[in-house]
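Computed from the coordinates by the stated procedures, all read-outs in this text should not be read as laboratory data. In this text the structure is predicted, and so the values were computed from the model without any measurement. So basically every Cβ, Gly included, is an ideal-geometry build from the backbone, and we count neighbours across all protein chains shown.
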C-alpha cells in the first residue's frame, strides 16, 4: 500500500525576495539583510566578475563573425573561423587561470587582439587568420619581449604565465 | 549631433559628420608624387572608439604592411573621414609624426627590417600615403616580415600614440556600436 506524505513547501519565505530599500523593515529583515549582504558580496567577488567578463568576451568573439571584409574602413580581413576558434580556446585557458583580459578587439592585421594592461605594463596576445599566434609584453617606452607561440595548450599556458609574471612584477 | 570644428584639437564630446562636398585640397589634379617626408610632418589615421586601451592606441588599430595614412603636408585631419556616403561618420582620427614610425626592427634571429613612408596619391586623395618596409640588407630579395616583427613594429608605433594624439574623437566602435 503506497504511503502518502503531505506535500512539503520547500520554497523559502517570500519576504526573502523582497526588494529592500533604505530604512525598510519587514518581519524577515534579519535574514534579508544577511542574504542581501551575502548576495552583494557574491556579486562583487572576483570569481563572478571574471565569469561575466569571460562570458562577454566569448560573446564578443562570436559576434566578430558578423564583420565583413574592409570592416576597419581600410581593407582589413575580418577574423576568420580559425582565429576565432583559437581565441575561444585561449579565453577558456585565461578563465581557468583567472586572468581576464582588458580588451578583445578585431585586429586590422587580420585576426583578434587580446589586450592586458596593469598600470604602465601591457601585454598582447594576437591570433591571426593564418592560425599563427604572437605575444608581446611592453611598457609605454620599451618593448620587453615579442614571441611566437603555437595553439597547443602548453604553449598558451606558458605565454599566459609569462604575461602574468610580467604584469604583476 | 553637432559638427566638429574644421581643424585643431577637438573635444571628445563631438561626433564628426562628413560634409557632403569633397574639399578641393584633396583632389590630386596634376600635382606630383612627393617622395620626401620630414620627420616632423604629421600623419593622420582613422581609428575606432575601442582602439584605446588605458590611454594608449592598441596594436589592433594598426596593420602592416601598407597601412594607409594621410600626410599632413597636404591635408587636414577631417579629410580622413570624408565620404560622400558618410561611411566614416563616427570614426575618429589620430595623428602622429613621421619620426614616430619605427625606422628599424631587428629580431633576435633573421633579417632586420627598415620602415618608411611612401607617398601614394589617389585621384581624390592627394595626401594618401602608406607605411612600407624592406629588408635592411637591401638584397632585393624582399620577404614579408614575420608576425613577431610586424607586432613589434605595431606596438612601437602605438607607444607613440596616446589620447593627446586624438584630433577627432571616435564615437563608433570596431563592431559598429556607438559609444558617445
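A few notes on this one:
- Residues located in the stretch A:92-113, provided they are at the interface with another protein chain (Cβ under 7 Å from one of its Cβ atoms) and either over 14 Å from residue B:58 (Cα atoms) or part of a strand (DSSP E or B) (or both): A:103, A:105, A:106, A:107, A:113
- Condition check for residue A:130 on (1) surrounded by fewer than 16 Cβ atoms within 10 Å (Cβ to Cβ); (2) outside any helix (DSSP H, G or I); (3) within 20 Å of the chain's Cα centre (by Cα): one failure, at (3).
- Residue A:119 more than 18 Å from the chain's Cα centre (by Cα), surrounded by fewer than 17 Cβ atoms within 10 Å (Cβ to Cβ) and over 29 Å from residue A:168 (Cβ atoms): no
Listed here are the residues, each with its yes/no results for (1) away from chain B (no Cβ under 11 Å); (2) without any contact (Cβ under 8 Å) to a residue 24 or more places away in the chain; (3) not in a loop (DSSP other than H, G, I, E, B).
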residue	(1), (2), (3)
A:115	no, yes, yes
A:126	no, yes, yes
A:141	no, yes, no
A:144	no, yes, yes
A:148	no, yes, yes
A:163	yes, no, yes
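- The stretch B:86-107, residues that are within 17 Å of residue B:19 (Cβ to Cβ) and out of contact with any strand residue (DSSP E or B) (no Cβ under 9 Å at 6 or more places or on another chain): B:86, B:87
- Applying the condition of being surrounded by fewer than 17 Cβ atoms within 10 Å (Cβ to Cβ) and in contact with a helix residue (DSSP H, G or I) (Cβ under 9 Å, 6 or more places away or on another chain) to the stretch A:56-79 and asking which residue is farthest from residue A:156 (Cα to Cα) yields A:65.
- Considering residues of the stretch A:58-82 that are within 10 Å of chain B (Cβ to nearest Cβ) and assigned to a helix (DSSP H, G or I) only, the residue farthest from the chain's Cα centre (by Cα): A:66
- Taken over the stretch A:131-169, the criterion of being within 11 Å of residue A:86 (Cα to Cα) and in contact with a helix residue (DSSP H, G or I) (Cβ under 9 Å, 6 or more places away or on another chain) is satisfied by A:131, A:132, A:133, A:150, A:151, A:153, A:156.
- Scope the stretch B:46-86; condition touching a helix residue (DSSP H, G or I) at 6+ places or on another chain (Cβ under 7 Å) and closer than 16 Å to residue B:116 by Cα; matching residues: B:62, B:64, B:70
- Some residue of the stretch B:165-177 being under 14 Å from residue B:67 (Cβ atoms) and surrounded by fewer than 18 Cβ atoms within 10 Å (Cβ to Cβ): no
- Check on residue A:85, more than 10 Å from chain B (Cβ to nearest Cβ), closer than 19 Å to residue A:151 by Cβ and either out of contact with any helix residue (DSSP H, G or I) (no Cβ under 8 Å at 6 or more places or on another chain) or part of a helix (DSSP H, G or I) (or both): yes
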